[in-house]
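The values are calculated or read from the model by the stated rules, or taken from the named source; none is laboratory data. Just so you know, these numbers come straight off a predicted model, no measurement behind them. Glycine gets a Cβ as well: all are built from the backbone with ideal geometry, and neighbour counts include every protein chain shown. Just so you know, the surface numbers come from the protein's heavy atoms only, side chains and all, with ligands and any DNA or RNA stripped out. Shrake-Rupley method; radii C 1.70, N 1.55, O 1.52, S 1.80 Å.
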Amino acid sequence: IAMNLCSLLPYRISYDPTRYPKYIPEAYCLCKGCLMGVFGEESFQFRSTPVYMPTVILRRSSSCAGGRYVYTEDYVTIPVGCTCVPEQEKESESVNSSIDK
């Protein structure tokens, strides 16, 4: 297994005016495979997979208290990066194929 696997990731900005923070950067993977080797060619023995992080945000509710908005905690998962994981090999026969015969 190559030691220098790489998965490219740019960011998108998620915007929601009813949450704090209003802007949250979210990563997404550019490649289906992973870049590996000296020349950085894409390999499909591995796949790029997002890495998620649980995060607490404040969500504005429809009610007001004392002329101010009321916020509640909300837990969301945000993609923060990409990693390379081995591609699963497809089994040619099911585990119970001998029973079916």
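If you go through the range 30-71 and keep only what is out of contact with any strand residue (DSSP E or B) (no Cβ under 8 Å at 6 or more places or on another chain) and closer than 30 Å to C82 by Cβ, you end up with V38, F39, F44. Close Cβ contacts (under 6 Å, 6 or more residues apart or on different chains) running from residues in the range 48-63 that are modelled with pLDDT of 95 or more and β-branched (V, I, T) to residues that are open to solvent by 70 Å² or more (accessible area, probe 1.4 Å) and in a strand (DSSP E or B) comprise V56/E73; V56/Y75.
Pairs linking a residue in the range 9-27 that is closer than 29 Å to R47 by Cα and modelled with pLDDT of 95 or more to a residue that is open to solvent by 60 Å² or more (accessible area, probe 1.4 Å) and not in a strand (DSSP E or B), with Cβ atoms under 9 Å and 6 or more positions apart or on different chains, are Y15/K22.
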